[in-house]
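Here, each number is a calculation from the coordinates, and none is a lab measurement. All values reported here derive from a predicted model rather than from experimental measurement. Neighbour counts are summed over all protein chains in view; Cβ atoms, including those assigned to glycine, are modelled from backbone coordinates with ideal geometry.
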Amino acid sequence: MWSVGAERHADVMSKTSAARSSSSVVRRAAAALAGAAVLAGAAAVCGPGVAYSAPRSTTPSATDFSDCPALPDGVDPARWRCEVHTAAPRLTIGKVTVDLAPITMTHAEGPLPDGSNGQVWGAMHTAPTAVPGGLTGTPAGDHVPVLGMAIQPEYGGRSDFYTGRFSLRFRLIGPLLPHGCTIGASEPVDFQLKRSGPSKWVSQDPPVIEFSAYDDTFTAPAAEHCGPLAPSLNRRLGLPAADQNLMSYDASYTFKTYDQLT
């Protein structure tokens, strides 16, 4: 049997080895982002692993009106409607192209007491989507868990459904990325969405309208608040990018007037 001193020595050696192993993972990941050949070493540390699976969240259905916002004072509820949009976006931002998880957005619109058009933002729901190639842009990023990365859109604080203006931030999620790592953290990405064809009514009761839209003119800023990997991460993503970006989606929406909601 080991003596107490031997056990303590073994425990210290074990903790030291674990700390060295953890530090090695981070160094190897950073080197991978810079283009170094460290994939075999990362795989050895992490084990065979499975493809990185982005966290899941629940997205309300397109017929869920629970996010309808409160109306402005003095408006007629029968002339205001709550709209629920569901979109399936495809995003090219910098060097990355990804089919995003469905996005559900809720807002209200109608005439204000002075006769002008009014809008009130409600809510947005979506889920993270794994970025092909993960942090490295290589097959290892898809199969070594520590090198995985997902992207999740978040409402950027500006919307105008009459004109198609809309802003988003894109949170980057991964084992080696801090919580606040975001594209558009300081200033969100502004979209000027254009219809790519006429709208189509697919149902009158309940009302369901389908349409497609896109924007290929927006500027993509660099990712911010991403810790020591930020410079290499932005090189991997091709950010910032002034052109060659694209947001396109097929969408549908339904609505109820506020007198139908009460």
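For an R0 of 35 angstrom, estimate the FRET efficiency from the Cβ-Cβ distance between Asp64 and Asp190 and round to the nearest 0.05.
Details: r = 28 Å, r/R0 = 0.79.
Rounded to the nearest 0.05, the efficiency is 0.80.
Can you list residues whose amide H is under 5 Å from Arg158's amide H, if they're 5+ apart or on another chain and H is modeled 1.01 Å from N?
Ser167
Net charge near Gly94, counting Lys/Arg +1 and Asp/Glu -1 over other residues with Cβ under 13 Å of its Cβ?
Details: positive: Lys95, Arg235, Arg236; negative: Asp243.
After counting each charged neighbour, the total is +2.
If we count every other residue with Cβ under 15 angstrom of Tyr162's Cβ, Lys/Arg +1 and Asp/Glu -1, where does the sum land? Working shown, then result.
Values: positive: Arg81, Arg158, Arg165, Lys194, Arg195; negative: Glu83, Glu109, Asp160.
Spelling it out: positives minus negatives among the neighbours equals +2.
What aspartates and glutamates does Lys200 reach when the alpha-carbon gap must be under 19 Å and sequence neighbours fewer than 8 apart in one chain are set aside?
Glu83, Glu210, Asp250
Would you mind ranking Asp142, Asp190 by Cβ crowding within 10 Å, fewest neighbours first?
Values: Asp142 19, Asp190 16.
Ranking Asp142, Asp190 by Cβ neighbours within 10 Å, fewest first, gives Asp190, Asp142.
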